[in-house]
Structure formats: C-alpha cells, structure tokens
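Presented below is the structure to which this report refers.
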Amino acid sequence: MSNAWKQWDFSGAGLQSLNLELTKRLRKPRVAFGLWVGFALGLHAFYLHERPRAFGYLTASLTLTVVALRGPWPVTAGLGVLYLAVALADLATLERRLTAYNKALRLHLSLRKGATPPPGFRGHYTDHDADIHDYVAVKEQERAGHSAKSTPAARSVGASQSFQQQEAALRAHAKDRKSVKTPRS
C-alpha cells in the first residue's frame, strides 16, 4: 500500500487526525539507535529533544578533542574511556527514554485544547458502581454462552431436557404431524 494517504489533510478534531499527527511526530527506534552512532555530536539526544544532554555530548567531545591535542595521552585515554562508558550507559537507557518521549507526546496530543469527548459520552464505569458488579456476577455465572441458572424463559419445552428426551419429543412431534391430514388445495 502506498503512503499517499499520509499527505491528505484530515484537519479537524478526531481520532483520524490525531493518528496522522502522531504518525508524523512519533520518534522511531531505528532512527534513534542509528543516530546514537553519532553520539559524539549528540544526534540521538537532539532527535529526542533532550537539549541539555545533546549539548553535554557536544561539550564533552570538544573538551576531549582539546585534551587530546594539548594534554598527555594517559589523561586523554582515561577521559576517552570515561566518555565511551557514559555513551554506552546512554545507549542502555535509550529505548526507555524513547518510549517515555512517545508516551508524553501521545498524552500531549490527546489532551490538547479542543479535544473533546464524543457526543453522548457520560464517563467510564468505576469499581464502585453496583451496575457493573451485577453485570460481572451474571457474566461469571454464564458458561460458553449459556446461562448456568435457568430463567423462566429458558424453561420452555426442550430447554432443560436431556438429549434423549429431546429426541423422543421430536419423534413424537413428527409422528403427530403424519397422523394429521391437511386438505390440499
């Protein structure tokens, strides 16, 4: 299927326009992990709109570069190992931060101004409602779509009879139909 539908404008409130905007603005894991390769520039942090972290990476990279040009190599190697350890720790938390960003974005877009509930929406049931407890009690008594307790409507002929009794009743009904002659037109 082509992605031409993403170019359509479904402006206005509604789930469809919300989903289209989310499709455009959600951060993708593949892109975030791909940008982590450029951690020295803080690309993955810029992608997740983590400005302080991104500028921290840039500052650390410039500092490490200056120390490498001017300082002794053991200090440079120590700082480089420390920098790499921080970057690997950042990689370990990248998926969690990506999920948190996308969740916050969904929440922000869902609760933005002008987002109203559908017409006729009266709220959700709470655990304190007696109606829901009665409903759950009835549903828990049911088994495979059949009520465990027989109701007056279910006491009709054949409803609570065994299979053999039902077969006997059908044979008797068929025999009675054969004995009654109806006039033909």
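The values are calculated or read from the model by the stated rules, or taken from the named source; none is laboratory data. A quick note: this is a predicted structure, and the numbers were derived from the prediction, not measured. Heads up, the Cβs are rebuilt from the backbone with ideal geometry, glycines too, and the neighbour counts pull from every protein chain shown. Keep in mind that these areas ignore ligands, DNA and RNA; they rest on the heavy atoms of the full protein, side chains included. Shrake-Rupley method; radii C 1.70, N 1.55, O 1.52, S 1.80 Å.
Here are the numbers for this structure:
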| read-out | value |
| --- | --- |
| Lone qualifier among A54, A77, A60, A45 - being of a type in the set (A, V, I, L, M, F, W, C), under 15 Å from E95 (Cα atoms) and modelled with pLDDT of 90 or more | A45 |
| Those residues of the stretch 146-182 which are part of a loop (DSSP other than H, G, I, E, B) and modelled with pLDDT of 60 or more, in sequence order | S160, Q161, S162, V180, K181 |
| Hits in the stretch 1-27 (condition: among the charged types (D, E, K, R), open to solvent by 90 Å² or more (accessible area, probe 1.4 Å) and at pLDDT 75 or above) | K24, R25 |
| Residues that are open to solvent by less than 40 Å² (accessible area, probe 1.4 Å) and part of a loop (DSSP other than H, G, I, E, B), drawn from the stretch 51-76 | G71 |
| Residue pairs meeting the criteria (Cβ under 8 Å; at least 6 apart or on separate chains; first over 15 Å from V86 (Cα atoms) and among the β-branched types (V, I, T), in the stretch 40-65; second modelled with pLDDT under 95 and not in a helix (DSSP H, G or I)) | none |
| Number of the exception - A85 against (1) in contact with a Lys or Arg (Cβ under 9 Å, 6 or more places away or on another chain); (2) modelled with pLDDT of 90 or more | (1) |
| Pair list, Cβ under 9 Å, 6 or more apart: the stretch 77-98 residue open to solvent by 40 Å² or more (accessible area, probe 1.4 Å), other residue hydroxyl-bearing (S, T, Y) | L79/T63; V86/Y57 |
